[in-house]
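To keep things clear, I will list the structure first and then write my remarks on it.
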Amino acid sequence: MDTLNDILETIPAPAEGDRRVVVGMSGGVDSSVAAFLLKRRGYEVIGVTMHLWSYDQVGGDPDSKGTCCGMEGINDARAVCHHIGAPHYVADLREDFGQSVIHNFVDEYLNGRTPNPCVMCNHKVKWAPLLRKAQALGAARIATGHYARAAWDEGRGRHVLLRSADPRKDQSYVLWGLSQEKLRRTLFPLGGLPKEAVREVAREAGLKTADKAESQDICFIVDRDVERFMRDRARIEGMAPPTFEPGPVVDPQGQRVGTHRGAAFYTVGQRRGVGVAAPAPLYVIGIEPESNTIRVGGKDDLLAREVLASSVNWIPVVSPAPGARAEAKMRYRHDAAPGELLEAPDGCLRFRFDEPQRAVTPGQSLVLYEGDLVLGGGIIDAAVP
């Protein structure tokens, strides 16, 4: 690992008279190290933990381990702030989180789509309240423990978002919705570091969270059972969605080949749980919530070259011209693949991959890159036949 001084040099120095920064702290090792590094860099650090979700609302344990928004996270963030000599506050955002993330999550599945709650949480919940809290506390900037980089591009005259220096941990995919104003006021202290270095800094600094386990993909579903969570939410809200009931499984020609347990519990590209015996593996290739039907087919039936997305945000340009080349990711774990932008209606993005891609999933994000530069992204609506 580089020396601590080398690491500190990767973080912009605070401007004179503008040293105060609010750090969003989940109680994990990444945000803990972000706060520690900023403190050592000369910033006046204030930790803020966002209380996003109460697990006992769905019969879970409010003190569940390994989560990023339970009481354990709040207590660990407070302990780290005490250790580094920084004040700590808790912002109650459970109502915002419930509306923008939980409600959206359930609604998308009910409509045959597969959402990415981390994208929605960053885009709709975390940044605006954190910036408001910073303003109330007299801080010009905020910081998070995301693995990404933000910079000012003199040539473009715009703030830009870049991949992390550690490709294994890069989180730029879930940050494509950040506006110019949000990027202007955000620091990513971990953007130039590998995860191993972050752990080592935490251990050497004596931070309580140094060896804390990674948070899971969907922080509010502790047991990772999406179907159980959905059924609990429906029961709590008094809903009886038709897509929770068994319905037909049809092949690409529309012939019924089986019965599913509820269309809301499937996602495009899924293989396990289809429940249809066939000589070759079958995958979910389409979900039709109006008729509570899922369509299945072979691996090749998942292939598509064109993708249409909406709710688009462009970062280094106001809007790129059709024909522009880029690489695009359709899921967090998807390897970016090359292609070109096509003409699309305002607010939409249409992209054609050079080679067919597997399992275009409505509700996920399509994020475009030019090397390490994030061009922008949008929410996938459909694969274009």
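The values are calculated or read from the model by the stated rules, or taken from the named source; none is laboratory data. Fair warning: this is a prediction, and the values are worked out from it, not measured in the lab. Heads up, the Cβs are rebuilt from the backbone with ideal geometry, glycines too, and the neighbour counts pull from every protein chain shown.
For region 332-349, the criterion of a residue being under 20 Å from Pro117 (Cα atoms), in contact with a helix residue (DSSP H, G or I) (Cβ under 8 Å, 6 or more places away or on another chain) and not in a strand (DSSP E or B) is satisfied by at least one position. In region 172-186, the residues that are under 9 Å from Gly376 (Cα atoms) reach residues that are β-branched (Val, Ile, Thr) and assigned to a helix (DSSP H, G or I) with C-beta atoms within less than 7 angstrom, at least six apart or across chains, in these pairs: Gly177/Val119. Among the residues of region 171-184, some residue qualifies, meaning at least one is more than 24 Å from Glu327 (Cβ to Cβ) and either outside the structural domain of Leu110 (by TED's automatic domain parsing) or of a type in the set (Asp, Glu) (or both). Mind checking whether some residue in region 291-307 is touching a residue at least 12 places away in the same chain (Cβ under 8 Å), in a strand (DSSP E or B), among the hydroxyl-bearing types (Ser, Thr, Tyr) and closer than 23 Å to His123 by Cβ? No, the conditions are met nowhere in region 291-307. Pairs needed: first member in region 248-264, surrounded by fewer than 19 Cβ atoms within 10 Å (Cβ to Cβ); second member anywhere, basic (Lys, Arg) and modelled with pLDDT of 95 or more; C-beta distance under 8 Å; at least 6 residues apart or different chains. Taking only residues 6 or more apart or on different chains, the pairs are Pro248/Arg256; Asp251/Arg295; Pro252/Arg295. Note on region 206-221: among residues that are crowded, with 19+ Cβ neighbours inside 10 Å and not charged (D, E, K, R), the one that is farthest from Gly70 (Cα to Cα) is Leu207. For region 266-299, the tally of residues that are of a type in the set (A, V, I, L, M, F, W, C) and surrounded by fewer than 19 Cβ atoms within 10 Å (Cβ to Cβ) stands at 4. The residues in region 21-58 that are more than 27 Å from the chain's Cα centre (by Cα) and either basic (Lys, Arg) or crowded, with 19+ Cβ neighbours inside 10 Å (or both) can be counted, and the count is 3. For region 350-385, taking the residues that are more than 27 Å from Phe105 (Cβ to Cβ) and part of a loop (DSSP other than H, G, I, E, B), the one that is nearest to the chain's Cα centre (by Cα) is identified as Asp372.
Inclusion of Arg231 among residues that are buried (at least 17 other Cβ atoms within 10 Å of the Cβ) and in the same structural domain as Arg132 (by TED's automatic domain parsing) is not warranted.
Consider region 1-20 and keep the residues that are under 12 Å from Arg141 (Cβ atoms) and not basic (Lys, Arg). The one that is surrounded by the fewest Cβ atoms within 10 Å (Cβ to Cβ) is Ala15.
Within region 133-153, residues that are without any contact (Cβ under 8 Å) to a residue 40 or more places away in the chain and farther than 21 Å from Gly28 by Cβ reach partners that are of a type in the set (Val, Ile, Thr) and part of a strand (DSSP E or B) with beta carbons closer than 6 Å, at six or more positions or on different chains, in the pairs Ala151/Val160. Might you let me know whether region 280-289 holds any residue that is modelled with pLDDT under 95 and touching a Phe, Trp or Tyr at 6+ places or on another chain (Cβ under 8 Å)? Taking every residue of region 280-289 in turn, none turns out to be modelled with pLDDT under 95 and touching a Phe, Trp or Tyr at 6+ places or on another chain (Cβ under 8 Å).
Once region 77-111 is narrowed to residues that are outside any helix (DSSP H, G or I) and among the hydrophobic types (A, V, I, L, M, F, W, C), the residue that is nearest to the chain's Cα centre (by Cα) is Leu93. Within region 93-108, the residues that satisfy the criterion of being under 18 Å from Val222 (Cβ atoms) and not small (Gly, Ala, Ser) are Arg94, Phe97, Val101, Ile102, Phe105, Val106. Mind listing just one residue for me: the one in region 162-211 that is touching a Leu at 6+ places or on another chain (Cβ under 8 Å) and of a type in the set (Asp, Glu) and, of those, modelled with the lowest pLDDT? Filtering region 162-211 for residues that are touching a Leu at 6+ places or on another chain (Cβ under 8 Å) and of a type in the set (Asp, Glu), the one modelled with the lowest pLDDT comes out as Asp166.
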